[in-house]
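First up is the structure itself, then whatever we jot down about it.
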Amino acid sequence: MTLNLAESLCSISTKATASDWREAIRLSGDGLVSGGATTDEYTDQMIAAVVEHGPYIVIAPGIALAHARPSDAVLHGGLSWVSLETPVEFGHPKNDPVTLVIGLAAVDHTTHIDVLKAVAGVLSDKAVRARLDAATTDEEVRTILGEAASAS
């Protein structure tokens with residue numbers, strides 16, 4: 001059974017504004033913190049991972065999966081969803097600019113893989129992606145993701 005992204009989301013922010021990739025990741029981290037999934041330290045770890053390893057988190061055109069290794073800064077698993085009003089460059093040669101940052105707080109490697117599969121499954125559907133890109137409320141995002149999970 002595929003992970004239901006709608007049920008895993010602890011925060012949603014639509015049409016957010018970020019001046020650069022660090023701020024975009026910080027917005028996703030703030031969502032994880034406000035949702036009780038992580039501490040602020042985890043947000044710093046997500047940014048440090050990109051500084052150290054480059055924009056590997058930009059997993060598909062326009063989509064970044066912001067995350068760091070499981071650590072004590074992860075209180076429980078969760079996801080944050082940040083759609084950006086204006087695209088942001090992360091420095092990825094093929095998948096920039098980014099319009100969607102999904103923050104991932106995982107307690108283990110298996111969860112990370114499950115989330116990647118779920119994200120790929122949902123966002124590879126162009127009609128679903130277009131609906132998500134146009135969504136302006138938390139409820140719209142949850143509804144679309146819930147419908148997509150039910151259809152798979």
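So the values come out like this:
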quantity: Kyte-Doolittle mean at least 0.5 and Cα axial length at least 18 Å: DSSP H helices in the chain; calculated: 109-123
quantity: The range 1-105: trypsin sites (Lys or Arg not before Pro) in DSSP loop, at most 15 other beta carbons within 10 Å; calculated: LYS94
quantity: Accessible-area value, SER34, 1.4 Å probe, nucleic acids and ligands omitted, Å²; calculated: 90 Å²
quantity: DSSP bridge orientation in the chain - percent antiparallel, rounded to nearest 5; calculated: 55 percent
quantity: Prolate/oblate/rounded call for the range 46-92, Cα gyration tensor, a/c under 1.5 rounded; calculated: oblate
quantity: HIS76-ALA48 FRET efficiency (beta carbon distance; Förster radius 25 Å; 0.05 resolution); calculated: 0.70
quantity: Anisotropy class of the range 90-152 from Cα gyration tensor, a/c 1.5 cut; calculated: oblate
quantity: Surface/4 of the Cα convex hull for the chain, nm²; calculated: 7.8 nm²
quantity: For the range 51-134, share of DSSP beta bridges that run antiparallel, in % to the nearest 5; calculated: 70 percent
quantity: Label-to-label distance, nm, for residues given as ILE113 and GLU7 (7 Å Cα→Cβ offset); calculated: 2.1 nm
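The values are calculated or read from the model by the stated rules, or taken from the named source; none is laboratory data. Predicted model, so just to flag it, every value in this text is computed and none were measured. Note: ideal-geometry Cβ built from the backbone for every residue, glycine included; neighbour counts use all protein chains shown. We work out accessible area using only protein heavy atoms, side chains counted, and drop any ligands, DNA or RNA first. Shrake-Rupley method; radii C 1.70, N 1.55, O 1.52, S 1.80 Å.
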